[in-house]
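Asks: Take this structure, written in structure tokens, and hold onto it; I'll ask about it next.
Every number here is computed from the coordinates shown, using simple stated rules; none is lab data. These numbers come from a predicted model, not from an experiment. All Cβ positions, even for glycine, are placed from backbone atoms using ideal geometry, and neighbour counts span all protein chains on display.
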Amino acid sequence: MSDSEISNAYWPRSPRQTQLKPLARRLDTLRGKTVAQLWDYVFRGDEVFALLEEGLKDRYPDIKWVSWKEFGATHGNEEHEVLASIPQRFKELGVDAAISGMGA
Amino acid sequence: MLRASAVCEEAGIPTSTLVCEGFLGLAAAASQGQGVPNIPVAMVPGHTGVQSKEQLRENILGVTLGNVLNNLLEAPAEGKLEDEPSARDIVATGTLDEINEYFLTHNLSDGLPIIPPTDERVAAFLRYTDRKPDEVLGILLPDCRAATIWSIAVNGVMAGCRPEYMPVLVALIEAMSDPYYGNEHSGNTPGGETLILLNGPIAKELGFNYTQGVMRDGFQANTSIGRFWRLYLRNIAGFLPHGNDKATFGNTFRVVVPENEDVCAKLGWAPNSTDFGFKAGTNTITASRYTGGNHISSISGSTPEDLMPYIADSMQKLHSWHFLFTVGAECGGTLRPLMFLSPILAETFAAAGWNKQHIKQKLWEMARVPAWHMERVSRDWTQKPSWNLAYEVSMGRMPKVYHESDDPNRLVPIVWHADDYMIVVTGDLGRNSGYIFAHNGVLGYPTAREIKLPKNWKTLRASAAKPDSGSPTTKGKRKNGTSS
């Protein structure tokens, strides 16, 4: 095309295939609740989860934790398998909330 | 990690996602693709990797903990996905300069001028495939966009490809869409870049360079198809720097590297495509990701015994953090280093009766590191959990060769099996050098596809030299207010 020729150019993307999804209802309290830890095995998540447990111990003494060790890495070889198993595993473990780290 | 949080939210479980400060932009971009733009995150100040235990404690208890509580107990704001054009919208009308300006300012190009994807040009590409334009090859994360034949043609035009490259482009996006390849990791910290290998007679037919300077730009097929891959990663998968692409440094795109199958045939060596189950002579692409590589200059000697020590030493020295892909439950056993051998080196090996398999086996035996070093890199230097070779072997998660004794000085291979090595003959016909690539394991696992030519390929190729009258596709509609 010459410098002055006028052209019409298509959008080079394709539409997103996801719709807006509602988030889960938040909890009223963490008292007596079971909180799962999900970790992708990077950025010292093991230490971070230990600190969060420590920080919530006094305020919510009866909070129950399900360790990241229960689930396997949420990143890497096992990601697809681990993520697919989460809904059922949470039901079995009675999980009320989850903290997922580290990174994005 | 946002994908895990999205799964939980969909299952009715409220989440808090822990995000280091520098990753907040990535979290915002990724949440759009997951359809949960309002998913709450808890910031971890700074980066945990450089903080003392005291600093980490102060940051988590002083900042992150409060965010976590808010995330789990307070209802987030309403979410809204960004408005976007439709698949066949015309988004820019104008001169070459005006269209390029539009594509640049709307993050639709890679910074180089693009060829405007007009109706006529896209139609020319679509003629080189038997597949329907709306066929979906896969959904690409993190943007969750459909990888369609149409979008392949559009981005192929933009990259400066020729229409006859279309079958190669389709095969590439089939590989990109394969979960085995792990395309969703293309924006991660190490910033590895895909290398595309090409096998089969199509290398000659389309004019690829496969001899001297094979990794240089300057050859349209090699260069434009390499650029196409990166454009597609940006425009369809959504890996934009400062957004979903969180490479610390990154790499520019790599040009396509074909194997020199003339040399392979002369030596009786199997081409790379056969390692992936294809018959020799099949047109294929193989995509895999590497953070970098290094030239092994002037590999000298007249026998394999002369040549191997230098090659194995270079192989071992290039690998460090990559042991992440050797050790452990997360990614263990996925390291696939690649080596280019120049033709006269291949001839030297072959003269002694060696083939690629012999070299792979010898690399496995010779490219080794002390066990204590592999554990130290993984556990102490890069702060990964459960890095103990004896433990991993006892759990059945690694081959026994990694714990044949308790001697910390025992030498262990950098890959699990000899076949994990990939060897490709290419480059300058008259030089005795090699090139090694440090592979990124599951973050771009080697994935091959056959390049399927359209039924009328020969007719199309015969007419390619003639002036092209073109046959426009269904005309696109203008998106209001988006023209330049």
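Asks: Can you list the lysines whose alpha carbon sits under 25 Å from that of B:Lys360, skipping same-chain ones fewer than 8 residues off?
Replies: Straight-distance partners of B:Lys360: B:Lys266, B:Lys279, B:Lys317, B:Lys400.
Asks: So, one more: Taking the Cα of A:Arg25, stepping 7 Å toward and past its beta carbon, and measuring to each backbone N in the stretch B:38-76: which are under 17 Å?
Replies: B:72-76
Asks: Now a separate question. Taking only DSSP H segments of four or more residues, each worth -39500 (n - 2.57), what value at 222 nm results for chain B once the sum is divided by all its residues, to the nearest 500 deg cm²/dmol? Kindly include the intermediate steps, with their values, before the conclusion.
Replies: Values: 18 runs with 157 residues, N = 484.
Helices in chain B give a 222 nm mean residue ellipticity of -9000 deg cm²/dmol.
Asks: Read phi for every residue in the stretch B:413-424 and hand back ³J(HN,Hα) as whole Hz from Karplus 6.51 cos²θ - 1.76 cosθ + 1.60, θ = phi - 60°, with x for Gly and Pro.
Replies: Per residue, the Karplus-derived 3J(HN,Hα) values read x, 7, 10, 5, 9, 4, 6, 5, 6, 10, 10, 10 Hz.
Asks: Still on this model: Can you give the log10 of the normalised intensity I(q)/I(0) at q = 0.23 Å⁻¹, computed with Debye over equal Cα scatterers of the stretch B:4-108?
Replies: Values returned for q = 0.23 Å⁻¹ are -1.22.
Asks: Just check chain B against the gyration tensor rule for me: Cα atoms, a ≥ b ≥ c as the square roots of the eigenvalues, rounded for a/c under 1.5, and otherwise prolate or oblate depending on whether a/b exceeds b/c. Mind dumping the intermediate values first?
Replies: Working: a/c = 2.24, a/b = 1.02, b/c = 2.19.
Cα axes put chain B in the oblate bin.
Asks: To the nearest 500 deg cm²/dmol, what mean residue ellipticity at 222 nm is calculated for chain A from DSSP H runs of n ≥ 4 alone, each contributing -39,500 (n - 2.57), summed and divided by the residues? Write down the numbers at each step before the final one.
Replies: Values: 2 runs with 28 residues, N = 104.
My calculation for chain A gives -8500 deg cm²/dmol from helical runs alone.
Asks: Going by a ≥ b ≥ c, the root eigenvalues of the Cα gyration tensor, does the stretch B:20-78 fall in the rounded group (a/c under 1.5), the prolate group (a/b larger than b/c) or the oblate group? Write down the numbers at each step before the final one.
Replies: Working: a/c = 4.34, a/b = 1.55, b/c = 2.80.
Cα axes put the stretch B:20-78 in the oblate bin.
Asks: Indicate the gyration tensor shape class of the protein assembly as shown (rounded, prolate or oblate), computed on the Cα atoms with a ≥ b ≥ c the square roots of the eigenvalues: a/c under 1.5 is rounded; otherwise a/b larger than b/c is prolate and the rest oblate. Walk me through the intermediate numbers first.
Replies: Details: a/c = 2.35, a/b = 1.16, b/c = 2.03.
Taking the square roots of the gyration eigenvalues as a ≥ b ≥ c, the protein assembly as shown is oblate.
Asks: Which residue, chosen from B:Thr291, B:Met158, B:His106, occupies the Cα position most advanced towards the positive end of the dipole of chain B, where the dipole is computed from +1 (Lys, Arg) and -1 (Asp, Glu) charges on Cβ about the Cα centre?
Replies: Farthest along the dipole direction, towards plus: B:Met158.
Asks: For the stretch A:48-82, which trypsin sites (Lys or Arg not before Pro) are both in a DSSP coil and crowded by at most 14 other Cβ atoms within 10 Å? Please list the in-between numbers first.
Replies: Working: sites: A:Lys57, A:Arg59, A:Lys64, A:Lys69; in loops: A:Arg59.
Sites meeting the loop and neighbour criteria: A:Arg59.
Asks: Dipole size in debye (nearest 20) for the protein assembly as shown around its Cα centre, Lys and Arg Cβ +1, Asp and Glu Cβ -1?
Replies: Working: 58 positive and 66 negative charges, 195 e Å.
Dipole about the Cα centre, nearest 20: 940 debye.
Asks: Please determine, in degrees from 0 to 90 and to the nearest 10, the orientation of helix A:45-57 with respect to the longest principal axis defined by the Cα atoms of chain A, where the helix direction is its Cα long axis.
Replies: Around 50 degrees separate the two axes.
Asks: What is the ratio of the Cα radius of gyration of the stretch A:36-96 to 2.2 N^0.38 Å, with N the residue count, to two decimals?
Replies: Working: Rg = 12.5 Å, N = 61, 2.2 N^0.38 = 10.5 Å.
Taking N as the residue count of the stretch A:36-96, the ratio is 1.19.
Asks: Any lysines with Cα under 17 Å of the A:Lys57 Cα? List them, leaving off those in the same chain fewer than 8 positions away.
Replies: A:Lys33
Asks: Can you tell me the 0 to 90 degree angle between the C-alpha axis of helix A:79-93 and the longest principal axis of chain A, rounded to 10?
Replies: 40
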